[in-house]
Amino acid sequence: MTEREIAEGYAEFLESEGYRPQIDSDCDVVFKCEGRTYYISPDERDPSYFRLVFPNFWSIDGEDERIKVALAASRINARVKVVKVYLTRDDTTAAVEVFCDTPDAYKAIFSRSLGALQAAEHQFRSVMEDLE
């Protein structure tokens, strides 16, 4: 399958779940949930690899904050299953990245994966408040 075909499959699934996805120029499937933007990134070389991303949820304003964000990200990575929080230039991104038995197996874990990203963001914000 091509990246575009995989993306179309993700989009169909998201539509069936009540979302309004769009496929961007990189073939990422972008959708909103509770006012926040997420995307699923297809990989035609590994169609059983599922990557759900919550990009740019915390901007980094300066080097002092970068240190705090890195510490908070490390704490969340240790606490929240399957979520990776990482720094990208002046922003913070979280992702769930898993290998599925079959290309469609992501459907069974989608809600839990989205919930893990939302929990990670909530806990991240709490850790950042504690670091103030």
Does VAL96 fit the bill of being surrounded by 13 or more Cβ atoms within 10 Å (Cβ to Cβ), more than 29 Å from LEU131 (Cα to Cα), among the aliphatic types (A, V, I, L, M) and modelled with pLDDT of 95 or more?
no
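Go over the candidates ARG125, ARG75 one by one and state the one that is free of Cβ contacts under 8 Å to residues at least 60 places away in the same chain and part of a helix (DSSP H, G or I). Walk me through how you get there before you give the answer.
Working: ARG125 fails: free of Cβ contacts under 8 Å to residues at least 60 places away in the same chain.
After applying the criteria, what remains is ARG75.
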Exactly one of these conditions fails for SER48: (1) under 14 Å from the mean Cα position of the chain (by Cα); (2) surrounded by 12 or more Cβ atoms within 10 Å (Cβ to Cβ); (3) of a type in the set (S, T, N, Q). Give me its number.
(1)
Given the conditions (1) over 23 Å from ALA7 (Cβ atoms); (2) crowded, with 18+ Cβ neighbours inside 10 Å; (3) among the hydroxyl-bearing types (Ser, Thr, Tyr), every one holds for SER74 apart from (2)
State which residue is most open to solvent (accessible area, probe 1.4 Å) when the search covers only the range 1-41 and only residues that are without any contact (Cβ under 8 Å) to a residue 12 or more places away in the chain and assigned to a strand (DSSP E or B).
GLN22
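The values are calculated or read from the model by the stated rules, or taken from the named source; none is laboratory data. On a predicted model such as this, the values are computed, not experimentally measured, just so you know. Neighbour counts are summed over all protein chains in view; Cβ atoms, including those assigned to glycine, are modelled from backbone coordinates with ideal geometry. Note: accessible area is taken over every heavy atom of the protein model, side chains too, but ligands, DNA and RNA are not part of it. Shrake-Rupley method; radii C 1.70, N 1.55, O 1.52, S 1.80 Å.
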